[in-house]
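The values are calculated or read from the model by the stated rules, or taken from the named source; none is laboratory data. The shown structure was predicted, so the numbers you read here are calculated from the model rather than taken from an experiment. Backbone-built Cβ (ideal geometry, glycine too); neighbour counts: all protein chains shown. Surface areas here come from the heavy atoms of the whole protein model, side chains and all, with no ligands, DNA or RNA. Shrake-Rupley method; radii C 1.70, N 1.55, O 1.52, S 1.80 Å.
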Amino acid sequence: MKLAEIYMQFQSDITIIEKELEASVRSDNDIVQEASIQLLKAGGKRIRPVLVLLAAKFGQYDISALKRIAVPLELIHMGSLVHDDVIDDAELRRGKKTIKSQWNNRIAMYTGDFIFGKAIETTTFFDNPQIHQILSNAMLEMCLGEIEQIRDQYNLGQNFRIYLRRIKRKTALLIAVSCELGALAANADYKTRRNLYQFGYNVGMSFQITDDVLDFVGTAEQLGKPAGGDLRQGNVTLPALYAMHHDSQIKKMIEEVLETKFPENVDLTELLTLINQSGGIEYSLSISDQYLKKAYEALEKLPDIEEKTYLREIAAYIGKRKF
(Lines give C-alpha, C1' and ligand atoms only; values in the text may rest on other atoms or scores of the structure.)
Protein backbone atom coordinates (compact mmCIF):
# COMPACT_ATOMS: atom_id res chain seq x y z
CA MET A 1 0.00 0.00 0.00
CA LYS A 2 1.30 3.45 -0.95
CA LEU A 3 1.47 6.34 1.49
CA ALA A 4 -1.30 8.17 -0.38
CA GLU A 5 -3.58 5.17 0.06
CA ILE A 6 -2.97 5.19 3.82
CA TYR A 7 -3.91 8.85 3.93
CA MET A 8 -7.07 8.08 1.96
CA GLN A 9 -8.14 5.69 4.72
CA PHE A 10 -8.19 8.65 7.10
CA GLN A 11 -9.22 11.35 4.65
CA SER A 12 -12.28 12.55 6.56
CA ASP A 13 -10.40 12.77 9.86
CA ILE A 14 -7.38 14.46 8.25
CA THR A 15 -9.80 17.03 6.78
CA ILE A 16 -11.12 17.66 10.29
CA ILE A 17 -7.57 18.17 11.54
CA GLU A 18 -6.76 20.56 8.67
CA LYS A 19 -9.81 22.66 9.52
CA GLU A 20 -8.83 22.69 13.18
CA LEU A 21 -5.30 23.74 12.26
CA GLU A 22 -6.61 26.67 10.24
CA ALA A 23 -8.98 27.69 13.02
CA SER A 24 -6.25 27.45 15.65
CA VAL A 25 -3.95 29.99 13.97
CA ARG A 26 -6.59 32.68 13.58
CA SER A 27 -5.60 35.95 15.17
CA ASP A 28 -6.86 39.51 15.48
CA ASN A 29 -3.41 40.61 14.33
CA ASP A 30 -3.41 40.68 10.54
CA ILE A 31 0.33 40.08 10.13
CA VAL A 32 0.45 37.12 12.52
CA GLN A 33 -2.58 35.55 10.92
CA GLU A 34 -1.30 36.06 7.38
CA ALA A 35 2.11 34.65 8.27
CA SER A 36 0.59 31.65 10.09
CA ILE A 37 -1.83 30.86 7.28
CA GLN A 38 0.97 31.16 4.73
CA LEU A 39 2.95 28.55 6.67
CA LEU A 40 -0.08 26.29 6.96
CA LYS A 41 -0.90 26.54 3.25
CA ALA A 42 2.71 25.73 2.34
CA GLY A 43 1.70 22.14 3.00
CA GLY A 44 3.65 19.28 4.46
CA LYS A 45 3.26 15.54 4.82
CA ARG A 46 1.32 15.80 8.09
CA ILE A 47 3.12 12.68 9.25
CA ARG A 48 2.69 13.54 12.92
CA PRO A 49 -1.12 13.85 12.83
CA VAL A 50 -1.37 10.65 10.77
CA LEU A 51 0.78 8.81 13.32
CA VAL A 52 -1.54 10.07 16.07
CA LEU A 53 -4.52 8.60 14.25
CA LEU A 54 -2.81 5.28 13.53
CA ALA A 55 -1.57 4.91 17.10
CA ALA A 56 -5.05 5.63 18.44
CA LYS A 57 -6.40 2.61 16.59
CA PHE A 58 -4.68 0.48 19.25
CA GLY A 59 -7.07 1.99 21.81
CA GLN A 60 -10.45 3.72 21.84
CA TYR A 61 -10.49 5.79 18.67
CA ASP A 62 -12.36 9.11 19.00
CA ILE A 63 -11.52 11.87 16.52
CA SER A 64 -13.10 14.56 18.71
CA ALA A 65 -10.38 13.90 21.28
CA LEU A 66 -7.60 12.94 18.88
CA LYS A 67 -7.78 16.19 16.93
CA ARG A 68 -6.88 17.94 20.19
CA ILE A 69 -3.56 16.12 20.24
CA ALA A 70 -2.87 15.89 16.49
CA VAL A 71 -3.27 19.66 16.01
CA PRO A 72 -0.83 20.80 18.74
CA LEU A 73 1.80 18.31 17.57
CA GLU A 74 1.63 19.68 14.04
CA LEU A 75 1.62 23.25 15.38
CA ILE A 76 4.77 22.56 17.39
CA HIS A 77 6.39 21.19 14.25
CA MET A 78 5.28 24.26 12.26
CA GLY A 79 6.50 26.70 14.91
CA SER A 80 9.88 24.99 15.04
CA LEU A 81 10.24 25.37 11.26
CA VAL A 82 9.67 29.11 11.52
CA HIS A 83 12.38 29.39 14.17
CA ASP A 84 14.68 27.11 12.16
CA ASP A 85 14.44 29.42 9.18
CA VAL A 86 15.51 32.38 11.29
CA ILE A 87 18.46 30.49 12.77
CA ASP A 88 19.50 29.17 9.34
CA ASP A 89 18.78 32.48 7.57
CA ALA A 90 16.77 30.43 5.06
CA GLU A 91 15.06 32.22 2.19
CA LEU A 92 13.05 29.25 0.91
CA ARG A 93 11.12 26.33 2.38
CA ARG A 94 9.35 23.83 0.13
CA GLY A 95 10.16 26.14 -2.76
CA LYS A 96 8.36 29.13 -1.24
CA LYS A 97 9.51 32.21 0.65
CA THR A 98 9.94 31.71 4.37
CA ILE A 99 8.20 33.99 6.87
CA LYS A 100 11.52 35.63 7.79
CA SER A 101 12.16 36.22 4.10
CA GLN A 102 8.76 37.72 3.34
CA TRP A 103 8.62 39.80 6.52
CA ASN A 104 11.62 39.82 8.87
CA ASN A 105 13.24 37.90 11.73
CA ARG A 106 11.19 39.56 14.43
CA ILE A 107 7.88 38.77 12.76
CA ALA A 108 9.06 35.20 12.20
CA MET A 109 10.12 34.66 15.81
CA TYR A 110 6.88 36.00 17.24
CA THR A 111 4.86 34.03 14.71
CA GLY A 112 6.64 30.87 15.85
CA ASP A 113 5.97 31.79 19.48
CA PHE A 114 2.31 32.47 18.65
CA ILE A 115 1.99 29.02 17.05
CA PHE A 116 3.64 27.38 20.08
CA GLY A 117 1.18 29.18 22.34
CA LYS A 118 -1.74 27.96 20.26
CA ALA A 119 -0.41 24.41 20.55
CA ILE A 120 -0.40 24.60 24.33
CA GLU A 121 -3.86 26.19 24.36
CA THR A 122 -5.32 23.35 22.30
CA THR A 123 -4.14 20.66 24.73
CA THR A 124 -6.05 22.24 27.63
CA PHE A 125 -8.90 20.02 26.38
CA PHE A 126 -7.23 17.12 28.24
CA ASP A 127 -7.38 16.68 32.02
CA ASN A 128 -4.67 14.02 31.98
CA PRO A 129 -1.47 15.66 33.34
CA GLN A 130 0.65 12.97 31.69
CA ILE A 131 -0.28 14.32 28.25
CA HIS A 132 0.83 17.81 29.22
CA GLN A 133 4.06 16.52 30.76
CA ILE A 134 4.98 14.53 27.67
CA LEU A 135 4.20 17.41 25.32
CA SER A 136 6.02 20.05 27.37
CA ASN A 137 9.06 17.81 27.75
CA ALA A 138 9.16 17.28 23.98
CA MET A 139 9.10 21.06 23.45
CA LEU A 140 11.91 21.55 25.95
CA GLU A 141 14.03 18.88 24.27
CA MET A 142 13.41 20.45 20.86
CA CYS A 143 14.65 23.80 22.20
CA LEU A 144 17.78 22.11 23.56
CA GLY A 145 18.31 20.51 20.16
CA GLU A 146 18.08 23.90 18.50
CA ILE A 147 20.56 25.41 20.96
CA GLU A 148 22.93 22.50 20.34
CA GLN A 149 22.66 23.07 16.60
CA ILE A 150 23.51 26.76 17.04
CA ARG A 151 26.45 25.82 19.27
CA ASP A 152 27.72 23.27 16.78
CA GLN A 153 27.41 25.43 13.67
CA TYR A 154 30.81 25.69 11.95
CA ASN A 155 32.18 23.23 14.52
CA LEU A 156 34.44 20.59 13.01
CA GLY A 157 35.14 19.03 16.40
CA GLN A 158 31.74 17.37 16.76
CA ASN A 159 31.36 13.60 16.56
CA PHE A 160 28.71 11.03 15.66
CA ARG A 161 27.31 10.91 19.21
CA ILE A 162 26.72 14.67 19.26
CA TYR A 163 25.01 14.50 15.86
CA LEU A 164 22.71 11.64 16.90
CA ARG A 165 21.72 13.38 20.14
CA ARG A 166 20.93 16.55 18.22
CA ILE A 167 18.63 14.87 15.70
CA LYS A 168 16.97 12.92 18.50
CA ARG A 169 15.98 16.19 20.14
CA LYS A 170 15.21 18.15 16.99
CA THR A 171 13.20 15.51 15.10
CA ALA A 172 12.84 12.03 16.53
CA LEU A 173 11.25 12.90 19.87
CA LEU A 174 8.28 14.75 18.37
CA ILE A 175 7.57 11.82 16.05
CA ALA A 176 7.92 9.43 18.98
CA VAL A 177 5.48 11.35 21.17
CA SER A 178 3.04 11.62 18.25
CA CYS A 179 2.73 7.86 18.43
CA GLU A 180 2.76 7.79 22.22
CA LEU A 181 0.20 10.55 22.71
CA GLY A 182 -2.14 9.14 20.06
CA ALA A 183 -2.20 5.91 22.04
CA LEU A 184 -2.46 7.70 25.39
CA ALA A 185 -5.36 9.88 24.21
CA ALA A 186 -7.09 6.66 23.11
CA ASN A 187 -6.48 5.00 26.51
CA ALA A 188 -4.24 2.27 25.10
CA ASP A 189 -2.34 0.18 27.66
CA TYR A 190 1.16 1.10 28.84
CA LYS A 191 2.98 -1.67 26.95
CA THR A 192 1.35 -0.64 23.67
CA ARG A 193 2.20 3.01 24.28
CA ARG A 194 5.87 2.21 24.94
CA ASN A 195 6.18 0.07 21.82
CA LEU A 196 4.57 2.80 19.75
CA TYR A 197 6.97 5.33 21.26
CA GLN A 198 9.93 3.13 20.33
CA PHE A 199 8.56 2.74 16.83
CA GLY A 200 8.16 6.51 16.44
CA TYR A 201 11.57 7.29 17.90
CA ASN A 202 13.41 4.95 15.54
CA VAL A 203 11.37 6.08 12.55
CA GLY A 204 12.15 9.69 13.50
CA MET A 205 15.88 9.03 13.64
CA SER A 206 15.74 7.30 10.26
CA PHE A 207 13.64 10.16 8.86
CA GLN A 208 16.17 12.84 9.84
CA ILE A 209 19.20 10.89 8.66
CA THR A 210 17.47 10.32 5.32
CA ASP A 211 16.64 14.04 5.18
CA ASP A 212 20.29 14.88 5.76
CA VAL A 213 21.33 12.49 2.99
CA LEU A 214 18.86 14.05 0.57
CA ASP A 215 20.47 17.43 1.18
CA PHE A 216 23.55 16.04 -0.57
CA VAL A 217 21.94 13.99 -3.34
CA GLY A 218 18.67 15.81 -4.08
CA THR A 219 18.13 18.50 -6.67
CA ALA A 220 17.05 22.05 -5.88
CA GLU A 221 13.65 21.26 -7.44
CA GLN A 222 13.17 18.21 -5.23
CA LEU A 223 14.38 19.88 -2.05
CA GLY A 224 12.72 23.25 -2.55
CA LYS A 225 16.10 24.81 -1.72
CA PRO A 226 19.68 24.53 -3.05
CA ALA A 227 21.48 21.23 -2.48
CA GLY A 228 24.14 21.42 0.21
CA GLY A 229 22.04 23.84 2.24
CA ASP A 230 23.08 22.28 5.54
CA LEU A 231 26.75 22.87 4.82
CA ARG A 232 26.06 26.42 3.65
CA GLN A 233 24.46 27.06 7.05
CA GLY A 234 27.41 25.53 8.89
CA ASN A 235 25.54 22.37 9.91
CA VAL A 236 27.77 19.32 9.63
CA THR A 237 25.50 16.28 9.21
CA LEU A 238 26.24 12.56 9.09
CA PRO A 239 27.41 12.21 5.45
CA ALA A 240 29.89 15.07 5.90
CA LEU A 241 31.01 13.80 9.32
CA TYR A 242 31.78 10.40 7.84
CA ALA A 243 33.61 11.91 4.86
CA MET A 244 35.70 14.16 7.10
CA HIS A 245 36.77 11.26 9.28
CA HIS A 246 37.83 9.16 6.30
CA ASP A 247 39.29 11.67 3.82
CA SER A 248 41.74 14.40 4.82
CA GLN A 249 41.19 16.26 1.53
CA ILE A 250 37.45 16.54 2.19
CA LYS A 251 38.10 17.64 5.77
CA LYS A 252 40.43 20.39 4.54
CA MET A 253 37.89 21.55 1.94
CA ILE A 254 35.10 21.68 4.53
CA GLU A 255 37.39 23.62 6.88
CA GLU A 256 38.09 26.16 4.12
CA VAL A 257 34.42 26.59 3.31
CA LEU A 258 33.49 26.89 6.98
CA GLU A 259 35.97 29.73 7.35
CA THR A 260 34.09 31.69 4.68
CA LYS A 261 30.88 31.44 6.73
CA PHE A 262 29.25 30.19 3.52
CA PRO A 263 28.41 33.21 1.38
CA GLU A 264 25.78 32.33 -1.17
CA ASN A 265 28.20 32.51 -4.09
CA VAL A 266 30.44 29.67 -2.81
CA ASP A 267 30.41 26.81 -5.32
CA LEU A 268 30.03 23.52 -3.44
CA THR A 269 29.78 21.31 -6.53
CA GLU A 270 33.19 19.68 -6.16
CA LEU A 271 32.82 19.23 -2.41
CA LEU A 272 29.38 17.66 -2.72
CA THR A 273 30.69 15.30 -5.39
CA LEU A 274 33.58 14.21 -3.17
CA ILE A 275 31.29 13.64 -0.20
CA ASN A 276 28.99 11.57 -2.42
CA GLN A 277 32.00 9.50 -3.52
CA SER A 278 33.44 9.10 -0.02
CA GLY A 279 31.06 6.41 1.16
CA GLY A 280 29.35 8.88 3.50
CA ILE A 281 26.00 8.51 1.76
CA GLU A 282 26.08 4.72 1.93
CA TYR A 283 27.20 4.78 5.55
CA SER A 284 24.45 7.22 6.54
CA LEU A 285 21.82 5.13 4.79
CA SER A 286 23.08 2.03 6.59
CA ILE A 287 22.60 3.81 9.93
CA SER A 288 19.14 4.88 8.81
CA ASP A 289 18.37 1.24 7.99
CA GLN A 290 19.50 0.16 11.46
CA TYR A 291 16.98 2.52 13.02
CA LEU A 292 14.29 1.26 10.65
CA LYS A 293 15.04 -2.31 11.71
CA LYS A 294 14.50 -1.31 15.34
CA ALA A 295 11.23 0.36 14.35
CA TYR A 296 10.03 -2.86 12.72
CA GLU A 297 11.03 -4.81 15.83
CA ALA A 298 8.90 -2.50 17.99
CA LEU A 299 5.98 -3.03 15.59
CA GLU A 300 6.19 -6.80 15.99
CA LYS A 301 5.34 -6.41 19.66
CA LEU A 302 2.06 -4.63 18.88
CA PRO A 303 -1.36 -6.29 18.47
CA ASP A 304 -2.07 -7.56 14.95
CA ILE A 305 -4.52 -5.00 13.60
CA GLU A 306 -4.75 -3.47 10.13
CA GLU A 307 -3.13 -0.20 11.24
CA LYS A 308 0.03 -2.10 12.19
CA THR A 309 0.52 -2.74 8.46
CA TYR A 310 -0.02 0.96 7.77
CA LEU A 311 2.72 1.87 10.26
CA ARG A 312 5.06 -0.56 8.56
CA GLU A 313 4.32 1.09 5.21
CA ILE A 314 5.06 4.54 6.63
CA ALA A 315 8.40 3.27 7.95
CA ALA A 316 9.18 1.76 4.54
CA TYR A 317 8.30 5.05 2.83
CA ILE A 318 10.69 6.94 5.09
CA GLY A 319 13.45 4.49 4.30
CA LYS A 320 12.91 4.76 0.54
CA ARG A 321 11.89 8.38 0.07
CA LYS A 322 13.69 10.42 -2.57
CA PHE A 323 12.65 13.92 -1.47
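For the reader, a short list of remarks on this structure follows.
- Taking the criterion of being within 12 Å of V82 (Cα to Cα) and open to solvent by 40 Å² or more (accessible area, probe 1.4 Å), the only residue of the range 27-47 that qualifies is Q38.
- Selection status of L258, out of contact with any helix residue (DSSP H, G or I) (no Cβ under 6 Å at 6 or more places or on another chain) and hydrophobic (A, V, I, L, M, F, W, C): yes
- Filter result (polar (S, T, N, Q) and either part of a helix (DSSP H, G or I) or surrounded by fewer than 19 Cβ atoms within 10 Å (Cβ to Cβ) (or both)) within the range 273-314: T273, N276, Q277, S284, S286, S288, Q290, T309
- 2 or more residues free of Cβ contacts under 8 Å to residues at least 24 places away in the same chain, touching a Leu at 6+ places or on another chain (Cβ under 7 Å) and closer than 30 Å to L241 by Cα: qualifying helices (runs of 4 or more DSSP H) within the range 110-198: none
- Test: residue in the range 62-81 that is in a loop (DSSP other than H, G, I, E, B), touching a helix residue (DSSP H, G or I) at 6+ places or on another chain (Cβ under 9 Å) and open to solvent by 10 Å² or more (accessible area, probe 1.4 Å): yes
- Residues satisfying the criterion are absent from the range 189-196 (criterion: at negative phi, within 18 Å of the chain's Cα centre (by Cα) and of a type in the set (K, R)).
- In the range 1-52, the residues that are of a type in the set (G, A, S), under 28 Å from F199 (Cβ atoms) and part of a helix (DSSP H, G or I): A4, S12, S24
- Taking the listed residues I275, I250, I254, I287, the one that is over 25 Å from L53 (Cβ atoms) and modelled with pLDDT of 95 or more is I287, with no other qualifying.
- Per this entry, D215 is counted among residues that are surrounded by 21 or more Cβ atoms within 10 Å (Cβ to Cβ), over 12 Å from the mean Cα position of the chain (by Cα) and either touching a residue at least 12 places away in the same chain (Cβ under 8 Å) or farther than 23 Å from K294 by Cα (or both).
- Single unsatisfied condition, I120 versus (1) in contact with a Pro (Cβ under 8 Å, 6 or more places away or on another chain); (2) open to solvent by less than 30 Å² (accessible area, probe 1.4 Å): (2)
- Filter result for A138 (surrounded by 15 or more Cβ atoms within 10 Å (Cβ to Cβ), under 16 Å from the mean Cα position of the chain (by Cα), at pLDDT 90 or above and closer than 25 Å to T210 by Cβ): yes
- Condition check for G112: more than 30 Å from R312 (Cα to Cα), at pLDDT 85 or above and open to solvent by less than 10 Å² (accessible area, probe 1.4 Å): yes
- Residue list for the range 159-171, filter: open to solvent by less than 60 Å² (accessible area, probe 1.4 Å) and more than 15 Å from S284 (Cβ to Cβ): I162, R169, K170
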